[in-house]
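Structure first, then comments.
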C-alpha cells in the first residue's frame with residue numbers, strides 16, 4: 001500500500017488477469033490493457049474492477065487488443081456466447097414459443113462457432 005502512494009513508484013504494472021483479479025486494489029492506475037483474453041469474461045471483469053475501487057480519483061480507460069483471425073477472436077466469441085446462454089438460462093420463464101426457440105438457438109450455437117473445425 002505504501003508503494004502505491006510513493007510518487008517514485010513504477011508507473012507500469014504488468015500482471016496476468018488471474019493475478020490482478022485477486023485481492024489487490026490498484027486505484028493509482030488510470031489504464032487497463034487486456035492482451036490475453038480469458039475463457040471466462042467474469043475473471044477479466046474482476047481484474048478490471050481492481051482499478052475501479054473506492055478511492056479511484058481518475059477516469060479509467062480499458063483497452064482490449066485482439067488480432068483478427070486469431071484464437072483470441074474465437075475466445076471473445078465464446079465469451080459472448082456464454083454470456084448470452086447465461087442470460088437465457090436466468091431469464092424468467094415464458095409461455096412464448098419465441099423465447100424458447102431463442103434459448104434453443106443460443107444453446108445450439110455452441111456447436112457452430114469459429115472455434116469448431
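Are any of the residues in segment 3-22 within 30 Å of residue 105 (Cα to Cα), modelled with pLDDT of 80 or more and not in a strand (DSSP E or B)?
Applying the first criterion (within 30 Å of residue 105 (Cα to Cα)) to segment 3-22 yields none.
No: segment 3-22 contains no residue that is within 30 Å of residue 105 (Cα to Cα), modelled with pLDDT of 80 or more and not in a strand (DSSP E or B).
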**Request:** Determine if segment 80-92 includes at least one residue that is exposed (fewer than 15 other Cβ atoms within 10 Å of the Cβ), modelled with pLDDT of 80 or more, in a loop (DSSP other than H, G, I, E, B) and over 17 Å from the mean Cα position of the chain (by Cα).
**Result:** no
Among the residues of segment 31-51, the number that are assigned to a loop (DSSP other than H, G, I, E, B), in contact with a strand residue (DSSP E or B) (Cβ under 9 Å, 6 or more places away or on another chain) and either surrounded by 14 or more Cβ atoms within 10 Å (Cβ to Cβ) or touching a residue at least 40 places away in the same chain (Cβ under 8 Å) (or both) is 3
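The values are calculated or read from the model by the stated rules, or taken from the named source; none is laboratory data. Since this is a predicted model, take the numbers as computed values, not measurements. A quick note on method: Cβ atoms are made from the backbone with ideal geometry, for glycine too, and the neighbour counts reach across all protein chains shown.
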